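Engineer: Questions regarding the structure given below will be posed in turn.
The values are calculated or read from the model by the stated rules, or taken from the named source; none is laboratory data. Since we're looking at a predicted model, the values are computed, not measured. Virtual Cβ from ideal backbone geometry, glycine too; neighbours counted across all protein chains shown.
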Amino acid sequence: MTIIGIVVLFFIASIVILLIASTINHTYKLSREFGIYPPSGVVVEVDSKKLHVYTEGEGEDTLVFMAGHGTNCPTLDFKPLWMRMTDDYRIAVVERSGYGWSDRSNTARDIDTMLEETRKALSLAGNKGPFVLFPHSMSGLEAIYWAQKYPDEIKAVIGLDAATPAAVEKLPDAIGLQLYAMYFIARTGLTRFMPDEDIKKNFPLLKSDDLSREERQKYLALFYRSAFSRDMLNEIKHLHRNAEMVSIGEMPSKTPMYFFISDDQEANFAGWEEDLTSFLSTIEVGRYMKLDTGHYVHYDQAEVIAAEARSFLLKRRKQR
């Protein structure tokens with residue numbers, strides 16, 4: 001029993017030393033990487049938090065790209081799509097608390113708080129509405145809520161496999177223990193030991209020619225910094241309540257919407273497509289296109305989405 005006890009204590013001590021060493025290494029590299037890769041846009045202060053907003057291009061309309069849950073670097077994540085729009089539009093990517101270059105916080109992640117932070121960040125970064133929203137996944141709720149609460153600020157919504165209240169109810173409840181385990185792994189820097197094969201599998205954007213070599217390195221640095229932040233965990237806690245808030249609001253039927261829906265999401269969550277198309281049937285100008293691709297539709301289908309969005313927005317402009 002004494003020998004077994006010694007072995008167990010040695011094993012525990014080794015794990016503790018490994019975690020301490022990994023955390024120290026992670027903290028040092030985070031500081032170094034932040035110096036090498038400073039924010040590429042402007043940083044504004046919203047409610048005592050620094051939020052990063054990236055803008056590029058000029059045009060009559062400003063396209064606002066809104067990241068789905070867990071997107072570690074929204075600015076680069078959306079690049080394959082926004083880079084194809086900057087010739088005719090001004091684009092803006094707002095990185096919420098805990099995402100990309102924005103500060104992490106412990107503030108509530110209810111939909112009202114997130115929307116007001118987005119609006120303030122855009123304004124402070126010099127962007128004026130009305131806007132065309134490009135929400136991906138869970139940020140579809142925020143886009144719909146925005147159109148409900150401030151309809152004059154929204155010209156149209158181009159949904160990138162964007163969630164609706166009914167679609168959110170199809171998703172399984174998050175497993176708290178699993179999420180906190182991932183939070184612990186990320187904060188102690190154990191994510192830095194991920195094999196190259198897993199990195200390539202989990203981050204298909206890194207294989208895109210739309211990102212330079214430096215941008216790929218920057219993307220990984222932002223993953224190590226922002227993965228499974230506390231803000232992301234808090235968003236999951238508020239997800240179903242946020243969906244309920246949107247569902248009880250007045251339908252934004254006057255706001256033109258065009259949704260791009262992935263086959264992959266439907267395969268994973270049966271009924272996803274039906275919920276999105278049913279929502280669009282209540283919109284006066286509601287269109288959709290099904291795409292044979294993964295949930296991050298703005299990666300592989302950027303050319304298609306850019307062309308369709310241009311055509312849709314041009315037609316709306318002529319009708320105004």
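Engineer: Please go through the stretch 263-283 and give me each residue that is over 25 Å from residue 248 (Cα atoms) and touching a Lys or Arg at 6+ places or on another chain (Cβ under 8 Å), ordered by number.
Structural biologist: Of everything in the stretch 263-283, just one residue is over 25 Å from residue 248 (Cα atoms) and touching a Lys or Arg at 6+ places or on another chain (Cβ under 8 Å), namely 263.
Engineer: For the stretch 275-292, enumerate the residues that are under 23 Å from the mean Cα position of the chain (by Cα) and either of a type in the set (Lys, Arg) or in a helix (DSSP H, G or I) (or both).
Structural biologist: The answer is 275, 276, 277, 279, 280, 287, 290.
Engineer: Would you be able to tell me the number of residues in the stretch 293-316 that are more than 21 Å from the chain's Cα centre (by Cα) and of a type outside the set (Lys, Arg)?
Structural biologist: In the first step, residues of the stretch 293-316 are kept if they are more than 21 Å from the chain's Cα centre (by Cα); the result is 307-308, 310-316.
Pick out the ones that are also of a type outside the set (Lys, Arg) and you get 307-308, 311-314.
Summing the residues that are more than 21 Å from the chain's Cα centre (by Cα) and of a type outside the set (Lys, Arg) in the stretch 293-316 gives 6.
Engineer: Taking the stretch 84-112 as the search range and keeping residues that are outside any loop (DSSP other than H, G, I, E, B) and within 16 Å of the chain's Cα centre (by Cα), which one is nearest to residue 225 (Cα to Cα)?
Structural biologist: Going through the stretch 84-112, the residues outside any loop (DSSP other than H, G, I, E, B) turn out to be 90-95, 111-112.
Pick out the ones that are also within 16 Å of the chain's Cα centre (by Cα) and you get 91-95, 111.
Working: 91: 25, 92: 22, 93: 18, 94: 17, 95: 14, 111: 24 Å.
Restricting to residues being outside any loop (DSSP other than H, G, I, E, B) and within 16 Å of the chain's Cα centre (by Cα), the top hit is 95.
Engineer: Also: Residue 147 - would you say it is outside any helix (DSSP H, G or I) and modelled with pLDDT of 95 or more?
Structural biologist: no
Engineer: Can you tell me which residues in the stretch 186-211 are within 18 Å of residue 303 (Cα to Cα) and small (Gly, Ala, Ser)?
Structural biologist: Residue satisfying the conditions is 208 alone.
Engineer: Just to check your reading of the model, which residue among 49, 79 is more than 18 Å from residue 132 (Cβ to Cβ), surrounded by 13 or more Cβ atoms within 10 Å (Cβ to Cβ) and either aliphatic (A, V, I, L, M) or touching a residue at least 60 places away in the same chain (Cβ under 8 Å) (or both)?
Structural biologist: 49
Engineer: Here's a follow-up. For the subset of the stretch 107-156 comprising residues that are more than 14 Å from residue 53 (Cα to Cα) and β-branched (Val, Ile, Thr), which member is surrounded by the fewest Cβ atoms within 10 Å (Cβ to Cβ)?
Structural biologist: Out of the qualifying residues, it is 113.
Engineer: Tell me, which helices (runs of 4 or more DSSP H) lie completely within the stretch 172-237 with 3 or more residues that are of a type in the set (S, T, N, Q) and at pLDDT below 90? Spell out the reasoning first.
Structural biologist: Numbers: elements: 176-187, 196-202, 213-226.
Answer list for the stretch 172-237: none.
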